[in-house]
1. Which residue pairs have Cβ atoms under 6 Å apart, sit 6 or more places apart or on different chains, and have a first residue in the range 145-156 that is over 19 Å from residue 196 (Cβ atoms) and a second that is hydroxyl-bearing (Ser, Thr, Tyr) and assigned to a helix (DSSP H, G or I)?
2. Got a sec? Which of 129, 133 is at pLDDT 95 or above and under 13 Å from residue 190 (Cα atoms)?
3. Of the conditions (1) open to solvent by less than 10 Å² (accessible area, probe 1.4 Å); (2) of a type outside the set (Phe, Trp, Tyr); (3) touching a residue at least 24 places away in the same chain (Cβ under 8 Å), residue 128 satisfies every one except a single condition; which number is it?
4. Testing residue 100 on (1) open to solvent by less than 10 Å² (accessible area, probe 1.4 Å); (2) modelled with pLDDT of 90 or more; (3) of a type outside the set (S, T, N, Q), one condition comes back false. Which one is that?
5. Being touching a helix residue (DSSP H, G or I) at 6+ places or on another chain (Cβ under 7 Å) and not β-branched (Val, Ile, Thr) is the filter here, so list the residues in the range 120-135 that pass it.
Amino acid sequence: MTANAMDGDKERCLAAGMDGYVSKPVRPDALYEEMLKHTEYMLAAESCPPLAQLQSLDEMIESLEKNYLQSDQQISHTTHATREPEQIMHEHNESLYDWDQALELIGGEEELLLSVLEMFLDEVPEYLATLEASAQQQDQKTLVRTAHTLKGLLATFCAGSATQASSAVERLAKQGENPQDSVAELKVIMAKLIPQLQQRLHG
C-alpha cells in the first residue's frame, strides 16, 4: 500500500516483487478485494469489516481515504504561477466537499464520520499554522510531513480542491522548492471549506 498514485508506480512496485498494489487514499472495498486475491485460505468475503471495529484513529483514516489524488497527475509540476485568491474563491462558490461520497466510503456510519470531522476541525488550525511557519523557515521535512497528513485527512471528506492544494505543497517541498504561494492558495481554499464543514458538524 503506497501514497504514490502516479503513472507507472504500480508497475514499478509489482516489478520490484510486490504481490499487489493499492494506492492511498484507500477505498476500503478496494483494499479488501486486493487482500482476498492474495489470501488463499480465505474462501470468500461477504462485506468489508465495519470501520467502527478498527482499533485506532490512524487505521480509520487510512481506511476512509478515497482515491482522490489520482487527479494529482493533472496538477502542473511548475506550480509557481498560482491562481489569484479571488479566482479561487470564484471557482468554488459551491460546496468544497462531498458528504454523500464520504458517507459511502465509511459505510454509511454518519455518527462516526461526524466524530472524525470534529477531531479534524479541532486540529486543522495547527496544521495550517505549521505549514505557514515551515514555508517561511524553508523547513522542507516538516512541510512534506504536514502537507501529507493534511492531504489524507481532507480526502476523508472528499474535499477535492483542498486535497489537491495540499498535494501541491507536498510535491513542491519534496522537490526542495519553497511552496509559500501554494500554502497561501491552500489557506484561501480552507478559509471557505472550514465554515462549510463547521456548518455540517453543528447544523
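1. Matching pairs, first to second residue: 146/127; 146/130; 147/166.
2. Working: 133 fails: under 13 Å from residue 190 (Cα atoms).
Exactly one residue qualifies, and that residue is 129.
3. All conditions pass for residue 128, except number (1).
4. (1)
5. Start the filter on the range 120-135 by keeping residues that are touching a helix residue (DSSP H, G or I) at 6+ places or on another chain (Cβ under 7 Å), which leaves 120-121, 124, 127-128, 130-132, 134-135.
If the condition is that a residue be touching a helix residue (DSSP H, G or I) at 6+ places or on another chain (Cβ under 7 Å) and not β-branched (Val, Ile, Thr), then 120, 121, 127, 128, 131, 132, 134, 135 are the ones that fit.
Results for (1) open to solvent by 60 Å² or more (accessible area, probe 1.4 Å); (2) closer than 21 Å to residue 31 by Cα, shown as yes or no for each residue.
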position: 116; (1), (2): no, yes
position: 123; (1), (2): yes, no
position: 136; (1), (2): yes, no
position: 143; (1), (2): no, no
position: 147; (1), (2): no, no
position: 155; (1), (2): no, yes
position: 165; (1), (2): no, no
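The values are calculated or read from the model by the stated rules, or taken from the named source; none is laboratory data. Remember, it's a predicted structure, so these values are computed and weren't measured experimentally. We place every Cβ from the backbone using ideal geometry, glycine too, and count neighbours over all the protein chains shown. Just so you know, the surface numbers come from the protein's heavy atoms only, side chains and all, with ligands and any DNA or RNA stripped out. Shrake-Rupley method; radii C 1.70, N 1.55, O 1.52, S 1.80 Å.
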